[in-house]
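A short worksheet on the structure shown next.
What follows draws every value from the coordinates through simple rules; no lab data is involved. Since this is a predicted model, take the numbers as computed values, not measurements. Cβ atoms come from the backbone with ideal geometry, glycine included; neighbour counts cover every protein chain shown.
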Amino acid sequence: MEPEGQQGPKVYEFTSEPRILSDYESPNNTDSKWTYIAFGDWPQTIKAADVTVDRTKSRQMGMFTYYLGNDSNYYVEAKEMASGSGSQYKYSDGTQVGQNGASKKWFKVEPIVWRILNKDYAETGTALLLAENILTGGIKWDDSNNNYKGSNIRKWLNGNSGSKEVSDYNGDAGFLQTAFTETAGNFIAPTIVDNSAQSTLDAAGNLSQASKYTCANTKDKIFLLSEQEVTKEEYGFAEYNVSGRGNTRIRVTTDYAKATGAYQASEASSGGMWWLRSPSYSFDYDARSINDYGNAYNSGSVVATYGGVVPALSISLQ
């Protein structure tokens, strides 16, 4: 029993609006000119050993059921499906990530950190944000081809919008409904996503267009970056074939992402592979991606489950 007049720790509050982080130090970008924002909530860090989870205290958020820990944080349980068994597949507490779904672990729900890439995205007056980490693995880009409009990964990102005015996809709950409360979701601007052949080029126009495999533009709240966007200097990115230490396209995997099968390189200065929305110009079953060294001259089979997901969105900063 708590002493009279004293209260226990405050239960975790899901973010209701974007919050600028004044003291955030990015593992991906040391340039101080960039602005970072905490917005939305997602399972990220493995549960501490001294925390217990109460299965009688739960909260449904989209596709997840969260349970309250005795530290007043929420947790989600996930099967361990590591894509490898090396030392890079260890959690932040030093324990090894399990494989093949034979075991489960709990992961703490925490605010998602984003970097503002551009404050007037596509001249819409909204800011373009990109997640700082690979948030999950285990998501196929698609089951058969690299048409982004009908892709599995687009459906997973946007889920059931409930309105054609928000997205032209309607399906089950996805990342949007899981990572954002209804209040927070209202800050996210419906975006016309450019899926033209031009968007499949790098920013300098050196790569071949994937004109045979492009699709119509889509309207979404959550999307992936294109080949063109991820090579724009004004977004803080280098040319498409630049890779290695200090590359700002490098994204590392969270504990939860490792558990769900996201690939992670063994070198400390590298990250994981993560998906773009652009199709490959060579085959209809490949989509473009960023490799573990930050190189954008990369593709992967759409049916692979080791690719990481790094969502993007746009919001009004007013």
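Compute for segment 176-309: radius of gyration divided by Kirkwood radius, i.e. Rg/Rh, restricted to C-alpha atoms, rounded to two decimals. Don't skip to the answer; put the middle values down first.
Numbers: Rg = 15.2 Å, Rh = 15.6 Å.
Here Rg/Rh amounts to 0.97.
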### Query
Roughly speaking, what is the stretch gain from S26 to T65, that is 0.36 nm per residue apart minus the C-alpha to C-alpha distance, in nm to one decimal?
11.1 nm
### Query
In whole percent, what relative contact order does the chain give with Cα contacts below 8 Å and a gap of six or more residues?
21
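Can you give the longest stretch of the chain with no exposed loop site, where a site means GluC sites (Glu not before Pro) in a DSSP loop (not H, G, I, E or B) with at most 12 other C-beta atoms within 10 Å? Each step should come with its number before you reach the end.
On the way: sites that count: E4, E13, E25, E165, E267.
Result, exposed sites excluded: 26-164.
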### Summary
Inverse of <1/r> over all distinct C-alpha pairs of the chain, i.e. the Kirkwood Rh in Å, gives 20.0
### Long-range HN-HN contacts of S278 with modeled amide H, under 5 Å
E227, R288
### Query
Applying the Karplus parametrisation 6.51 cos²θ - 1.76 cosθ + 1.60 with θ = phi - 60° to the phi angles of segment 144-152, what ³J(HN,Hα) value in whole Hz is obtained for each residue in order, glycine and proline being reported as x?
8, 8, 9, 7, 5, 4, x, 6, 5
### Summary
One finds the C-alpha centres of segment 116-154 and segment 52-90 to be spaced, in Å, by 24
### Query
Hey, in the GNM for the chain with a 10 angstrom Cα cutoff, which one of R115, R19, R251 fluctuates hardest?
R19
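Give me the number: length gained by fully extending A102 to Q198, i.e. 0.36 nm times residue separation minus the C-alpha to C-alpha distance, one decimal in nm.
On the way: separation 96, 0.36 × 96 = 34.56 nm, distance 4.44 nm.
Stretched out fully, the A102 to Q198 stretch lengthens by 30.1 nm.
So if each residue of separation counts as 0.36 nm, and I subtract the Cα-Cα distance between S16 and S58, what length gain in nm does that give? Kindly include the intermediate steps, with their values, before the conclusion.
Numbers: separation 42, 0.36 × 42 = 15.12 nm, distance 1.90 nm.
Full-extension gain reported as 13.2 nm.
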### Query
Given H placed 1.01 Å from N in the peptide plane, which residues other than close sequence neighbours of S72 have an amide H under 5 Å from its amide H?
none
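Suppose R0 equals 30 Å; then what is the FRET efficiency for L317 and A49 from their Cβ-Cβ distance, rounded to the nearest 0.05? List each step's numbers first, then the result.
On the way: r = 40 Å, r/R0 = 1.34.
Calculated transfer efficiency: 0.15.
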### Task
Please find the FRET efficiency linking S211 to T305, where r is the Cβ-Cβ separation and R0 is fixed at 45 Å, and quote it to the nearest 0.05.
0.95
### Task
Under 15 Å from the Cβ of F180, count the other residues' Cβ atoms, weight Lys and Arg +1, Asp and Glu -1, and hand me the total.
-3
